[in-house]
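Following: one structure in structure tokens, then a few remarks.
The values are calculated or read from the model by the stated rules, or taken from the named source; none is laboratory data. In this text, all values refer to a predicted model and were calculated from it rather than measured experimentally. Neighbour counts are summed over all protein chains in view; Cβ atoms, including those assigned to glycine, are modelled from backbone coordinates with ideal geometry.
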Amino acid sequence: MTAAPTSVVTAVTHRDETALVAVLGDAPGLVLVRRCADLAELLSAGAAGVARVAVVSPDLRGLDRDALRHLAGHGVRVAGLVPGDDEAGERRLRQLGVATLLRPDDDAATVGTALRALGDASTSRPLPQEEPPPADEPPDAPEVPTPVTVVWGPTGAPGRSTVAVTLAARLAAAGVRTLLVDLDTWGASVAQLLGVVDEAPGVAAAARASEQGALDVPALARLAPEVLPGLRVLTGLPRADRWPELRTAAVEDVLRLARAVADHVVVDAGFAIEDDEELSYDTAAPRRNAATLAALDTADHLVVVGAADPVSLQRLVRAVQDVAVVPSPPPTVVVNKVRAGVAGSRPERAIREVLGRFAGLEDVRFLPWVPDDCDAAVLAGRGLPEVVPRSPLVAAVAALAADLDARAAPPATARHGRRRRVAV
């Protein structure tokens, strides 16, 4: 039985279109179904399901990461047509994730083989080819990937940003190179907490560069200045109404590259995780909560922060239930701002009983309410571990950091005290 031909659409510049069409006509196992004049027509063809493969030029107007994600969502794999001397165009396509590249002078057999293989693939990215080690050499130990920890929680200012900043600062103080990313599309505040000027380009510039295929590890590092020894910060949106700039594909790419910038990535995420039902039918439309949902999906660790008062605890119970139905790791639940005034003389015990009864949460962490220490850190524009290193909140977050990253654990001598010197 003869296999069905691979359907192809094109959106390439005029100087190469005639030659490409002729080659596609001669290539075995391919059928050209449409020649698109612009990106809008290409996206429309992709959404209509008329083709399995699209061939694009690097200078196609409007081509960005979100457009490629739109095509991928409709099962369209993308190849690029790049002249051999167009290094900038080739680099741009590769950074956008286009791995299959054709040359204008390729023959029909070469083009046919490449596009048929792409049409049968599950992604536009190449699969890694790993060669087994020689029989007389032991395999290398697997490299531990940089963990991404997302700090999230319900609405009502439970202290998500304070916990995220303190956690990142504590990891950095322990010698773990850390990148703190502010992805809160409702009220970014990391820049203010750490005294970074509003003009810092931050995550908006990173997302914009990613969309255009211009973001790599050095570029991301330049956009994330070091505010403390070992701590880089990618500041959030300076205005909440700029949330459409943080699209899913760009956020995923930023977090992917962030793993190469630091040894631990901490993300301060917005509270809302609802997926707009109307917009979800339009994969090209921006969604305000997409940044948070993408971060949760990417995360290795999830810290859910709620406050200790009765209203906040009710919101925390619902938040734990809500986050359980979206792609995310198992949560580490943290109750912040714990004090006797809102939960009685033994607040930890009372809160644990409430959360165990209504949410089935037994393993809960508690962070003390120390408003004076937090105020001092905000006034100084620095992290709590630097301004008030002996704060009980710093000690509690340090224990959390050690559980999330073994490299942040204190040495054994520090945990058990100094050994008594024995006279001989």
Item to check | Subset of region 248-275 that is modelled with pLDDT of 90 or more and of a type in the set (D, E, K, R) - its residue that is nearest to the chain's Cα centre (by Cα) | outcome: Glu252
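Is it the case that Leu39 is hydrophobic (A, V, I, L, M, F, W, C), within 28 Å of the chain's Cα centre (by Cα), surrounded by fewer than 19 Cβ atoms within 10 Å (Cβ to Cβ) and under 23 Å from Ala207 (Cβ atoms)? First the steps, then the outcome.
On the way: hydrophobic (A, V, I, L, M, F, W, C): yes; within 28 Å of the chain's Cα centre (by Cα): yes; surrounded by fewer than 19 Cβ atoms within 10 Å (Cβ to Cβ): yes; under 23 Å from Ala207 (Cβ atoms): yes.
Against the criterion (hydrophobic (A, V, I, L, M, F, W, C), within 28 Å of the chain's Cα centre (by Cα), surrounded by fewer than 19 Cβ atoms within 10 Å (Cβ to Cβ) and under 23 Å from Ala207 (Cβ atoms)), Leu39 qualifies.
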Item to check | helices (runs of 4 or more DSSP H) within region 143-211 that include 2 or more residues farther than 23 Å from Val305 by Cα | outcome: 202-211
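Among the residues of region 299-314 satisfying the criterion of being of a type in the set (Val, Ile, Thr) and modelled with pLDDT of 95 or more, which is farthest from the chain's Cα centre (by Cα)?
Within region 299-314, the match that is farthest from the chain's Cα centre (by Cα) is Val305.
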Checklist entry - Which of the residues spanning region 367-383 are without any contact (Cβ under 8 Å) to a residue 40 or more places away in the chain and either under 29 Å from the mean Cα position of the chain (by Cα) or surrounded by 17 or more Cβ atoms within 10 Å (Cβ to Cβ) (or both)? => result Pro368, Val370, Asp373
Checklist entry - Tally time: how many residues in region 213-244 are more than 19 Å from Arg287 (Cα to Cα) and in a loop (DSSP other than H, G, I, E, B)? => result 9
Checklist entry - Would it be correct to say that Leu102 is of a type in the set (A, V, I, L, M, F, W, C) and under 17 Å from Val12 (Cα atoms)? => result yes
Checklist entry - Inside region 315-349, can you point out the residues that are among the aliphatic types (A, V, I, L, M), within 22 Å of Leu400 (Cβ to Cβ) and modelled with pLDDT of 90 or more? => result Leu316, Val317, Ala319, Val320, Val323, Ala324, Val333, Val334, Val335, Val338
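Just to verify a result, which residue in region 338-349, among those that are without any contact (Cβ under 8 Å) to a residue 24 or more places away in the chain, of a type in the set (Gly, Ala, Ser) and closer than 22 Å to Val163 by Cα, is surrounded by the most Cβ atoms within 10 Å (Cβ to Cβ)?
Going through region 338-349, the residues without any contact (Cβ under 8 Å) to a residue 24 or more places away in the chain turn out to be 340-341, 344-346, 348-349.
Now restrict to residues that are of a type in the set (Gly, Ala, Ser): 340-341, 344-345.
With closer than 22 Å to Val163 by Cα added as a condition, the list becomes 340-341.
Values: Ala340: 12, Gly341: 9.
If we take residues in region 338-349 being without any contact (Cβ under 8 Å) to a residue 24 or more places away in the chain, of a type in the set (Gly, Ala, Ser) and closer than 22 Å to Val163 by Cα, then Ala340 is surrounded by the most Cβ atoms within 10 Å (Cβ to Cβ).
Output the residue which, of all residues in region 42-71 that are among the hydrophobic types (A, V, I, L, M, F, W, C) and farther than 21 Å from Pro104 by Cβ, is surrounded by the fewest Cβ atoms within 10 Å (Cβ to Cβ).
Our first condition is that a residue be among the hydrophobic types (A, V, I, L, M, F, W, C); within region 42-71, this holds for 42-43, 45, 47-48, 50-51, 53-56, 60, 63, 67-68, 71.
Okay, now just the ones that are also farther than 21 Å from Pro104 by Cβ, so 43, 45, 47-48, 50, 67-68, 71.
Working: Leu43: 21, Ala45: 23, Ala47: 16, Ala48: 11, Val50: 15, Ala67: 22, Leu68: 24, Leu71: 24.
Only one residue tops the list, namely Ala48.
Looking only at region 87-110, how many residues end up being part of a loop (DSSP other than H, G, I, E, B) and surrounded by 19 or more Cβ atoms within 10 Å (Cβ to Cβ)?
Step one: list which residues in region 87-110 are part of a loop (DSSP other than H, G, I, E, B), which gives 97-99, 103-107.
After this cut, where a residue has to be surrounded by 19 or more Cβ atoms within 10 Å (Cβ to Cβ) as well, the list is 98.
Total satisfying the criteria: 1.
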Checklist entry - In region 181-236, how many residues are acidic (Asp, Glu) and touching a helix residue (DSSP H, G or I) at 6+ places or on another chain (Cβ under 7 Å)? => result 4
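Working carefully through the options Val317, Val364, Val354, find the one that is in contact with a Phe, Trp or Tyr (Cβ under 7 Å, 6 or more places away or on another chain), on the phi < 0 side of the Ramachandran plot and among the hydrophobic types (A, V, I, L, M, F, W, C).
On the way: Val364 fails: in contact with a Phe, Trp or Tyr (Cβ under 7 Å, 6 or more places away or on another chain); Val354 fails: in contact with a Phe, Trp or Tyr (Cβ under 7 Å, 6 or more places away or on another chain).
Only one candidate passes the filter, namely Val317.
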